[in-house]
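Q: Please read through the structure below; I'll follow up with questions.
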Amino acid sequence: MSSHAIELSGVSKIYRRYGGRQFATLKSALLQRSILRDLRPEETFPALTDVSFAVPKGITFGVIGRNGSGKSTALKLVAGITKPTSGTVVVNGRVSALIELGAGFHPEISGRENVFINGIMLGLSKREVAARFGEIVDFAELKEFIDAPVKTYSSGMYMRLGFAVAIHVNPDVLLVDEVLAVGDEGFTHKCLDKFAELRRLGKTILLVTHSLGLVERFCDQALWLDHGRAQAQGDPRRVIDAYLASVEKSEDAQLAAATAKAVAAVSSESAAGPTPPLAAEPARPATAQPDGELKNMFEAVEGRWGSREIEITDVALLDKSGHRSFVFHSGDPMAVRLTLMAHTPATDFVFGLSLFNADGVCCYGTNTFIEEMDPERLEGQAEVTLSIESLDLVEGTYKLDVAVHTCDGYPYDYHRLLYTFRVKSRTPDVGIYRPHHRWSFSPSVRFKSKPETA
Amino acid sequence: MRKNLLQLIRYRGLISSLVARELKARYRGSVLGFLWSFINPLLLLSIYTFVFTVVLPNRNPIAQPYAVFMFCGILPWNWFSSSLMEASGSLVSGGNLIKKVLFPAEVLPIVSVLANMVHFFLGLLILAGFLIGYRHWPDPAGLVWFPVVVLVQLVLTTALALFLSALTVHYRDIRDLLSNLLMFWFFATPIIYPWQDENVLRYKSLFDLNPFTHLAVSYQEILFFDGPVGHAKWLLALGAVSVVLFLAAYWFFDRLRDSFAEAV
């Protein structure tokens, strides 16, 4: 026997879609003489592509990845529920899959009978179930309800019983798919303790989860799947970091697309019609106002208006290395660069910017007028950059207003909430502003030393 | 395929407990509970008896007492038809088992057939009561054939159940088609009329094509008519055909097996 509990080599799984529709009907199949054709797959969808990994005996192996990345398919292949289209799956030892808890419980019959049938389904003999029955019921904490029909159980009780049966099958290889959220806090701890116990007994655990913390805490190795391909594998910390970096990147791309769409929408709108007559309104510079009426960012309309004598042709958010980005870390530098085109030379101009969080609160607003810069002349193409040395905001999504207008508020080009960016933070602190800070304590206060991986 | 067939034997514990569950669950929560297994056929029987002895009296002297004659055919038919109806939907309704648990799919249609077989056996008790009540004793020599005919029907029904259940996964309207087909099939089988009737004999070759004719006639000869079981030859032939059908259906089922988890 090899030292690996699970070995996948070059495994691909292609799902088939039959006839491109949900259910074929025999009537239509007969009418179109397509019985054989309908049974043959037409479209295919690759759920896993050439995935290889080996899980040594006795370790806990985490699989992470976005929704639809093939994690559950991988688990089903290991469980033997589906067969790989190509490649081989080798599993040494008895497998128990915590995929669907209580699948196969019959609602009408009692918990006791269901435990027996479920246990037999999972591969135990009747005698083996009988021997473990007490333990199972204790674990599920269902002593007084075990003879009631399962249909009277709450969903938590149902899950607990399913979990208890599956985990008492005494598997060599335990497959866990995102099921730790089944019970209350106490039960979750019990499950984790049980996992730890199985680990001590040298069982192999394959854990599919979105909870990166769990992977970091529990797993000896991890695998990151993306679009059915293995992206990284090995030390959990490293794999998680790689995964997070990629999540950030795709978030960035999403924000970029959303921003481009918003800008395109308002630009084509205002190009078509006349601009709203906002010029008469404020005597004070518009961008410097804390927006009092604005209760919620989502109620505020994105928009663009102004005479366009001076036009903002591009707005770029730049990260510390000067690249366009939409995702920043709290405390990182950020620069907002406006590219402008003055169609006629101007002597009266103010550049402004304000920043809103998701609740529509203006986090910060400023312009060149309030900062007492006296305009002299602007003509042709120009660039204006506002550099923020340290973006001290808490985690969240923020939107930007940028504008160029005259000193008394007549707008040349006003971009309202068109630009979105995200701020990420390792600390889940709250509020809006995250000042640079540090804690200090007198010697009588002591904390446990934290491991590096916080 | 051979490996899977052999595995089926390993799953007998699972099959038997699922059959028990099926039977328990069916009547759990109903006041009369298991008595329904008796009441259903009894009610059916009294309706048919009323219709065919009072409203449309069947005057064929061979088939008297009519209630007993008809019951001999209806019991196995009920086993057959409800097995097929239940089996055809079994994979779809057991979908979460197939998708989420490592579970041999063929167990589900087989359980449908076996659970209905148990009902059939319970119905036999009522039939025995009728036979005693009418003092109509079957020929003990013929009774030897009884296990044979049950076995042949079991194989035939399982074959069709496997085939239909696999097909229903892909063609959901099979169930609707099937209920109509079974209705037609019922009247095309000599169950409520004796096959010795001269009007029936005129189409004998057509009736011979219907496999259930041979089962129904065999049951009637064993349990109802006097004399030797003249239909034994037909029965054995049907048995052979059923085994072939079973293997073919199992092969078909096995071929489609991998598509179940994705299509249900």
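Q: Can you compute the FRET efficiency between A:Ala358 and A:Asp147 using 1/(1 + (r/R0)^6), with r the Cβ-Cβ distance and R0 = 60 Å? Round to the nearest 0.05.
A: Using R0 = 60 Å, I get an efficiency of 0.70.
Q: What does the helix-only formula give at 222 nm for chain B: each DSSP H stretch with n ≥ 4 adding -39500 (n - 2.57), the total divided by the residues, and the result rounded to the nearest 500 deg cm²/dmol?
A: -25000 deg cm²/dmol
Q: Let me ask you something else. Please turn the phi angles of the range B:206-214 into ³J(HN,Hα) values with the Karplus equation 6.51 cos²θ - 1.76 cosθ + 1.60 (θ = phi - 60°), one per residue in order, whole Hz, x for glycine and proline.
A: These are the phi-based 3J(HN,Hα) values: 5, 4, 5, 6, 7, x, 6, 3, 5 Hz.
Q: Provide the convex hull volume over Cα atoms per residue for the range B:128-264, in Å³.
A: Convex hull of Cα atoms, per residue: 135 Å³.
Q: Now, a different point. Which FRET efficiency value, to the nearest 0.05, do you get for A:Ser442 and A:Ser246 by plugging their Cβ-Cβ distance into 1/(1 + (r/R0)^6) with R0 = 45 Å?
A: My answer for the efficiency is 0.55.
Q: What is the average number of partner chain Cβ atoms found within 10 Å of a Cβ in A:100-109?
A: Mean number of neighbouring Cβ atoms from other chains: 5.
Q: Farthest toward the dipole's positive end in the protein assembly as shown, which of B:Leu156, A:Tyr419, A:Trp224, given Cβ charges of +1 (Lys, Arg) and -1 (Asp, Glu) about the Cα centre?
A: Positive-most Cα among the choices belongs to B:Leu156.
Q: In the neighborhood of A:Glu100, defined by Cβ-to-Cβ distances under 12 Å, what is the net charge if each Lys or Arg adds +1 and each Asp or Glu adds -1?
A: +1
Q: Now for a separate question. Choose one of A:Ala382, A:Leu400, A:Leu198: the residue whose Cα lies farthest towards the positive end of the charge dipole of the protein assembly as shown (beta-carbon charges +1 Lys, Arg; -1 Asp, Glu; about the Cα centre).
A: The listed residue farthest towards the positive side: A:Leu198.
Q: Take the residue pairs A:Lys83/A:Lys424; A:Lys126/B:Lys3; A:Lys76/A:Lys424 and return only those whose Cα atoms are more than 31 Å apart.
A: A:Lys83/A:Lys424; A:Lys76/A:Lys424
Q: Any idea how far the Cα center of the range A:90-147 sits from the one of the range B:60-95, in Å?
A: 35
Q: How much of the pair distance distribution for the range B:2-263 lies past 31 Å, counting alpha-carbon pairs only, in percent?
A: So the portion of pairs separated by more than 31 Å is 28 percent.
Q: Could I ask something else about it? Tell me which of B:Asn60, B:Val92, B:Phe130 sits at the most positive position along the dipole axis of the range B:49-190, charges placed on C-beta atoms (Lys, Arg +1; Asp, Glu -1).
A: Comparing the listed Cα positions along the dipole, B:Val92 ranks first.
Q: Right, next: In the range A:346-387, which GluC sites (Glu not before Pro) are in a loop and have at most 11 other Cβ atoms within 10 Å, using DSSP for the loop call?
A: A:Glu371, A:Glu372, A:Glu376
Q: Return the distance in nm (one decimal) between the two label points of a simple spin-label model at A:Arg426 and A:Asp193, each offset 7 Å from Cα along Cα→Cβ.
A: Between A:Arg426 and A:Asp193, the simple spin-label model gives 3.3 nm.
Q: Going by average Cβ neighbours within 10 Å, how do the peptides A:170-176, B:131-137 rank, with the highest at the top?
A: With the highest mean Cβ count within 10 Å placed first, the list reads A:170-176, B:131-137.
Q: Another question about this same structure. Counting Lys and Arg as +1 and Asp and Glu as -1, each charge on the Cβ, what is the dipole of the protein assembly as shown about the Cα centre in debye, to the nearest 20?
A: 3660
Q: Going through the range A:334-406, which trypsin sites (Lys or Arg not before Pro) have at most 12 other Cβ atoms within 10 Å and a DSSP loop state?
A: Filter output for the range A:334-406: A:Arg377.
Q: If you count, for every residue in B:13-25, the Cβ atoms of partner chains within 10 Å of its Cβ, what is the mean?
A: Across B:13-25, the average partner-chain Cβ count within 10 Å equals 4.
Q: Using C-alpha positions alone, give me the convex hull volume of the range B:10-162 per residue in cubic angstrom.
A: 142
Q: Need the C-alpha centroid separation for the range A:228-268 versus the range A:358-401, integer Å.
A: Measuring centre to centre over Cα atoms gives 26 Å.
Q: Ranked from highest to lowest mean number of other Cβ atoms within 10 Å per residue, what is the order of the peptides B:105-115, B:146-156, A:235-245?
A: The most tightly packed comes first, giving B:105-115, B:146-156, A:235-245.
Q: I've got another one for you. Using square roots of five times the C-alpha gyration tensor eigenvalues, list the equivalent-ellipsoid semi-axes of the range A:4-244 in whole Å, biggest first.
A: 32, 27, 16
Q: If you don't mind, another one. Give me the dipole magnitude in Debye, nearest 20, for chain B about the Cα centre, with unit charges on the beta carbon: positive for Lys and Arg, negative for Asp and Glu.
A: Taking the Cα centre of chain B as origin, the dipole is about 740 debye.
Q: Normalising by the residue count of chain B, find the relative contact order in percent from Cα pairs under 8 Å and 6+ residues apart.
A: Rounded, it is 28 percent for chain B.
Q: I'd like the FRET efficiency for A:Glu135 and A:Arg66, computed as 1/(1 + (r/R0)^6) with the beta carbon distance as r and R0 of 56 Å, rounded to 0.05.
A: 0.90
Q: How well do other chains shield peptide A:54-60, expressed as the mean number of their Cβ atoms within 10 Å of each residue Cβ?
A: Going residue by residue through A:54-60 and averaging, the value is 0.
Q: Identify which of B:Lys100, B:Lys24, B:Lys233 has the largest mean-square fluctuation in a Gaussian network model of chain B, with springs joining Cα atoms closer than 10 Å.
A: B:Lys100
Q: Calculate how large, on average over all directions, the projected area of the Cα convex hull of the protein assembly as shown is; give the answer in nm² to one decimal.
A: With every direction weighted equally, the projected area is 47.3 nm².
Q: Sticking with this one: Per 5 Å bin, what is the whole-percent P(r) computed from every C-alpha pair distance within the range A:325-454?
A: 2, 8, 16, 18, 14, 12, 10, 7, 4, 3, 2, 2, 1, 0
Bear in mind these aren't lab numbers, they're just calculated from the coordinates by the rules spelled out. On a predicted model such as this, the values are computed, not experimentally measured, just so you know. Neighbour counts run over all protein chains shown; Cβ positions are idealised from the backbone, glycine included.
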